[in-house]
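Inspection log for the structure reproduced underneath, given as structure tokens.
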Amino acid sequence: AKRKRLGCAAYDAKLDVEPEIDSRLALSAELRRAVENNEFVLYYQPRVNLANGHVREVEALVRWQHPDRACLLPDEFVPFAEQTGYIRDITHWVVGAAFAQTVRWRAQGLAIAVSINLSVRDLLSAGLPERFGELLQRHGASPDWFTLEITESAIIDDPERVLDTSAQLHKMGFSLSIDDFGTGYSSLALIKKLPVGELNIDRSFVTNMATSPDDMSIVRSVIDLAHNMGLRVVAEGVESAPVLELLGRMGCDAAQGYHICRPVPGGQLEEWLASREESDHQAGFAARRSE
Ligand code: C2E
Ligand code: MG
Ligand code: MG
Ligand code: MG
């Protein structure tokens, strides 16, 4: 049955799961059509700089705006797209769309840095740096506006290849980060070899850290580890004020989560940024700034 679309924020996840998509063959055909018809949309979720309360970075998160189903979240189609190889086209679309949006923001005077998620398959696919180089040229974008997020699972899959591709992307001027840190099995030795500048602490350690001493210890240790390795740390999954407060006191560099803002389309992000600018000092950062 068709449902009125309620947008595509992650909080709709349960509602949005469409049980009809049960056949892999059907999904494969639908994905092919989605790639041909550009049925994807990018949502953006802001990250707050915990040292000064500013928002100058966002993460781009893909959604599949199916013509007659509710909007689908990445967990519902990215793994399948990885298995079937469609991820290559999806990534190409995502990167092009993120470049185009960032160029528009820069033209409006919004100096926003955008993080883009790459999948394992992307990093193992030949010619990826060249394709990204072409997209930079086509859109007139600068690589230092972007951070490419790599998950730990990608790294262990084929370390040599990932190291090689990462080195090329880094040489082109992109920043790199390790996503969902703490959930994979990558070794610190490997991470040390990657040209990354940032670690994203997985939300499974962050969301309940204010009430879980174990989670709090893990988060504190990861922040220290990252800083000792000269890396920035971003905490994801911040769903409450106490967690935001704790992260600030622990010296975490940036925070992202529903408590700050849910992922929203580009236009809505601009409105959110504008209204935040006005209420900047009410956001709870004024106190920390004057400490
Ligand atoms: P991720 O890169 O770790 O992105 C963060 C995810 O956490 C997003 O889910 C975001 O909506 C969600 N999130 C943010 N704040 C909160 C919070 O406070 N609480 C909770 N419970 N969740 C929060 P989303 O958008 O469903 O994406 C899921 C994953 O799909 C991403 O995890 C990323 O690994 C992957 N993904 C997203 N976009 C792309 C893409 O363009 N390409 C590829 N290859 N993967 C993507
Ligand atoms: Mg990510
Ligand atoms: Mg992440
Ligand atoms: Mg995550």
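Considering only segment 78-115, how many residues are of a type in the set (S, T, N, Q), buried (at least 16 other Cβ atoms within 10 Å of the Cβ) and under 23 Å from ASP164 (Cα atoms)?
Within segment 78-115, residues that are of a type in the set (S, T, N, Q), buried (at least 16 other Cβ atoms within 10 Å of the Cβ) and under 23 Å from ASP164 (Cα atoms) number 2.
Among the listed residues LEU169, LEU148, identify the single one that is within 16 Å of ligand 4 (Cβ to nearest atom) and within 19 Å of the chain's Cα centre (by Cα). Before you say what the answer is, go through the steps one by one.
Working: LEU169 fails: within 16 Å of ligand 4 (Cβ to nearest atom).
Within the list LEU169, LEU148, the selection yields LEU148.
Looking only at segment 111-163, filter to residues that are touching a residue at least 40 places away in the same chain (Cβ under 8 Å), in contact with a helix residue (DSSP H, G or I) (Cβ under 6 Å, 6 or more places away or on another chain) and within 29 Å of ALA274 (Cβ to Cβ); which one of those is nearest to ligand 1 (Cβ to nearest atom)?
Once the filter is applied, the top-ranked residue is ILE116.
Tell me, which helices (runs of 4 or more DSSP H) lie completely within segment 190-259 with 3 or more residues that are within 14 Å of ligand 4 (Cβ to nearest atom) and touching a strand residue (DSSP E or B) at 6+ places or on another chain (Cβ under 9 Å)? Please lay out each step first, then the result.
Details: elements: 203-206, 213-228, 241-250.
Answer list for segment 190-259: 203-206.
Being touching a Phe, Trp or Tyr at 6+ places or on another chain (Cβ under 7 Å) and surrounded by fewer than 18 Cβ atoms within 10 Å (Cβ to Cβ) is the filter here; which residues of segment 144-158 pass it?
ILE156
Just for segment 173-189: of the residues that are more than 20 Å from the chain's Cα centre (by Cα) and either part of a helix (DSSP H, G or I) or among the β-branched types (Val, Ile, Thr) (or both), which one is farthest from ligand 4 (Cβ to nearest atom)?
ALA189
Quick check: anything in segment 212-225 without any contact (Cβ under 8 Å) to a residue 40 or more places away in the chain and within 16 Å of ligand 2 (Cβ to nearest atom)?
Within segment 212-225, the subset without any contact (Cβ under 8 Å) to a residue 40 or more places away in the chain is 212-221, 223-225.
With within 16 Å of ligand 2 (Cβ to nearest atom) added as a condition, the list becomes none.
The answer is no, given that none of the residues of segment 212-225 is without any contact (Cβ under 8 Å) to a residue 40 or more places away in the chain and within 16 Å of ligand 2 (Cβ to nearest atom).
Only one of these conditions is not met by ALA97: (1) out of contact with any strand residue (DSSP E or B) (no Cβ under 9 Å at 6 or more places or on another chain); (2) touching a residue at least 24 places away in the same chain (Cβ under 8 Å). Which number is it?
Failed condition: (1).
Checking the conditions here, which among LEU118, LEU176 is of a type in the set (A, V, I, L, M, F, W, C), surrounded by 17 or more Cβ atoms within 10 Å (Cβ to Cβ) and under 17 Å from ALA97 (Cα atoms)? So that I can check it myself, show each step before the final result.
On the way: LEU176 fails: under 17 Å from ALA97 (Cα atoms).
Being of a type in the set (A, V, I, L, M, F, W, C), surrounded by 17 or more Cβ atoms within 10 Å (Cβ to Cβ) and under 17 Å from ALA97 (Cα atoms) holds for just one of LEU118, LEU176, which is LEU118.
Select from segment 27-51 the residues that are among the polar types (S, T, N, Q) and at pLDDT 95 or above and write down the one among them that is surrounded by the most Cβ atoms within 10 Å (Cβ to Cβ).
So the first thing to find is which residues in segment 27-51 are among the polar types (S, T, N, Q), and the list is 28, 37-38, 45, 49.
Keeping just the survivors that are at pLDDT 95 or above gives 45, 49.
Numbers: GLN45: 22, ASN49: 16.
Selected residue: GLN45.
In segment 27-70, which residue that is among the acidic types (Asp, Glu) and over 21 Å from ILE150 (Cβ atoms) is farthest from ligand 2 (Cβ to nearest atom)? Outline the logic, then answer.
Taking segment 27-70 as the starting set, the residues that turn out to be among the acidic types (Asp, Glu) are 30, 36, 39, 57, 59, 68.
If we keep only those that are over 21 Å from ILE150 (Cβ atoms) too, we end up with 30, 36, 39, 68.
Details: GLU30: 24, GLU36: 26, GLU39: 21, ASP68: 29 Å.
Per the stated criteria, the residue is ASP68.
Within segment 68-77, track down each residue that is more than 18 Å from the chain's Cα centre (by Cα) and within 15 Å of ALA26 (Cα to Cα).
ASP68, ARG69
The values are calculated or read from the model by the stated rules, or taken from the named source; none is laboratory data. This one's a predicted model, so the numbers in the text were calculated from it and none came from an experiment. Because the Cβ atoms are built from the backbone with ideal geometry, glycine has one as well, and the counts that use them run over all protein chains shown.
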